[in-house]
Amino acid sequence: MNLFWIVWSPNPVIFSVGSFTLLWYGVLFALGLVLAGWYVWGRFKEFGIEQGVFENLIIWSFFGIFLGARLGHCLFYEADYFLSHPIEMFLPVGVDEMGNYYFSGYHGLASHGAVMGLMLALMLFRWRSKLAILPIMDWMAIATALAGAFIRLGNLMNSEIVGASTDVVWAFVFPEIDDLPRHPAQLYESLFFFMLFGVGVWLFKRLKYESVKPGFYLSLQLMVIAGFRFCVEFVKEIQVGFEHDMVLNMGQWLSVPLFLLGVVLMICTQKYGENSVKSENNN
C-alpha cells in the first residue's frame, strides 16, 4: 500500500442517546443549508427586502429541496423498489422481513432532484408572492454551492458516493467498501463547491447588476455545476447496477438538461431581461 494513501473509516455517528442518533451527515447537511440561508439573507438586507419575504422563501425552499432530492433519488436511481414501496419515499421507515415498519432514517437524496425541486418551489413562490424572482434565484444559486460543499463532506463522512479505483498518491481507501485505493470524489466535489461559492461571492460584489442582468448568476451556476458534475462522474464508482449498461451514468444524463437550461436562461435573461432588480421586491 502506498504510504500516502489515506485509510478513511470515520464513525458516521456523533453520538446516540436511546433511539436518537446524531449523524455527521445530518449535521453537515443542516450546517450547509443554514450558512447558505445566511448568505441569501444578507442579500435580502442589502436590497431592502423585508424579513417576512425571506422567511416564506426559506419554508418554500426547504420543502422544495428535500422533496426534490428524495423523489429524485427514489425515481431516478431506485424506481422499481420505491414504486412498489411508495410510503418509504416520504417517510423515514423501512420494512423488515416480517412486514413490520421500523424507523430507518432517509437514505438516498439526489442533488439533481434537489436543484429541480428548488427551482419548482421558487416558481411557486413567485406565483404566490408576485415578486420578481430572478434576483432571488441568483442569490440562491450562489449560496447553493456552499450548501453542496457541506453535503459532500457529509457523504465523505458516510463513506458513500466513492470514486473509482486509482493509484494516484492522494487516493483514499474506504474499508467499508473494499480495500481498493479510490479517488476521493466527495472531496473533489466539496473543494470545487467551496471554490465556486468564493468565486460567486467575488463576482457578485464586483458586478452586482451594473454589468449584468438578473438571471446571470443563476445561469452561470447551472452551467458550471452541471458541467463539473458531468466531468467528475468519470472518476466515480458506479452507484447503481443498471448504470453498468449505460454509455453515460445517471448523474451525467441528468446534468445535460441542467446545462442546457443554463445556456437558454443566460441567453434569454441577458438579451431580453430587465436591466436591474425589480423595484416590486421592495414593496
Of all residues in the range 126-156, which are over 21 Å from W38 (Cβ atoms) and under 16 Å from the mean Cα position of the chain (by Cα)? N155, L156
Can you tell me which of G42, G26 is outside any loop (DSSP other than H, G, I, E, B), out of contact with any Leu (no Cβ under 9 Å at 6 or more places or on another chain), farther than 30 Å from Y209 by Cα and among the small types (G, A, S)? G26
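Yes or no, residue by residue, for (1) within 17 Å of F150 (Cα to Cα); (2) β-branched (V, I, T); (3) at pLDDT below 90; (4) buried (at least 19 other Cβ atoms within 10 Å of the Cβ):
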| residue | (1), (2), (3), (4) |
| --- | --- |
| I14 | yes, yes, no, no |
| V34 | yes, yes, no, no |
| I58 | no, yes, yes, no |
| A79 | no, no, yes, no |
Scanning the range 162-185 residue by residue, those charged (D, E, K, R) and assigned to a loop (DSSP other than H, G, I, E, B) turn out to be D167, E176, D178, D179
Unique residue being at pLDDT below 90, buried (at least 17 other Cβ atoms within 10 Å of the Cβ) and within 27 Å of L22 (Cβ to Cβ) when the list is G94, G154, G113, G148: G113
Just for the range 221-251: of the residues that are touching a residue at least 60 places away in the same chain (Cβ under 8 Å) and of a type in the set (A, V, I, L, M), which one is nearest to L146 (Cα to Cα)? I225
Of the candidates F230, F234, F204, the one satisfying the condition of being in a helix (DSSP H, G or I), touching a Lys or Arg at 6+ places or on another chain (Cβ under 9 Å), surrounded by fewer than 20 Cβ atoms within 10 Å (Cβ to Cβ) and not polar (S, T, N, Q) is F204
What about G68, is it part of a helix (DSSP H, G or I) and not β-branched (V, I, T)? yes
Listed by first then second residue, the pairs whose first member lies in the range 29-40 and is within 10 Å of M140 (Cα to Cα), whose partner is part of a helix (DSSP H, G or I) and small (G, A, S), with beta carbons under 6 Å and at least 6 positions apart or on separate chains, are A36/A143; A36/A147; Y39/A143; V40/A143
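The values are calculated or read from the model by the stated rules, or taken from the named source; none is laboratory data. Note that the structure is predicted; figures quoted are calculated from it, not measured. Backbone-built Cβ (ideal geometry, glycine too); neighbour counts: all protein chains shown.
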